[in-house]
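The values are calculated or read from the model by the stated rules, or taken from the named source; none is laboratory data. Predicted model, so just to flag it, every value in this text is computed and none were measured. Here the Cβ positions follow ideal geometry from the backbone for every residue, glycine too, while neighbour counts run over all protein chains shown.
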């Protein structure tokens, strides 16, 4: 389930920006805890808390989190659970309970969700007027102004 932090209603632009800034401070703390954790249950809980529907304007804040690096390398040590989870083959199996998900599957799920959301927002921004760029003899898709 994706969570939203988009256009907070009734609080004004300044408070919305302050909320967004503090939200990413919390996210930074979660990513640091994720990087340093050795407890698989805690890692899964943190991974679950990172599942938000990020917007195009969140890209700069996401970049400073180094989330993809942490998902790939963990704390960089050889025995890091995140580092060991990355690149492992995933067995195709039916899971009836979310808690039964294996750590490599959880890591890949979070990576895929955030990667696809950010790449998708590069291709299709979340706001703006349509701008047609199709010229004679080309098949350039319709774009939106940010």
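Remark: residue 18 falls outside the filter, which requires a residue to be modelled with pLDDT under 85 and over 17 Å from the mean Cα position of the chain (by Cα). For the stretch 20-40, residues that are touching a helix residue (DSSP H, G or I) at 6+ places or on another chain (Cβ under 9 Å) and either closer than 18 Å to residue 72 by Cα or outside any helix (DSSP H, G or I) (or both) total 12.
Only one residue in 32, 51 is under 18 Å from residue 114 (Cβ atoms), in contact with a strand residue (DSSP E or B) (Cβ under 9 Å, 6 or more places away or on another chain) and either modelled with pLDDT of 90 or more or surrounded by 11 or more Cβ atoms within 10 Å (Cβ to Cβ) (or both), so which one is that?
Values: 32 fails: in contact with a strand residue (DSSP E or B) (Cβ under 9 Å, 6 or more places away or on another chain).
Just a single option satisfies the conditions, and that option is 51.
Taking the criterion of being farther than 15 Å from residue 112 by Cβ and exposed (fewer than 15 other Cβ atoms within 10 Å of the Cβ), the residues of the stretch 67-87 that qualify are 69, 76, 77, 78, 79, 84.
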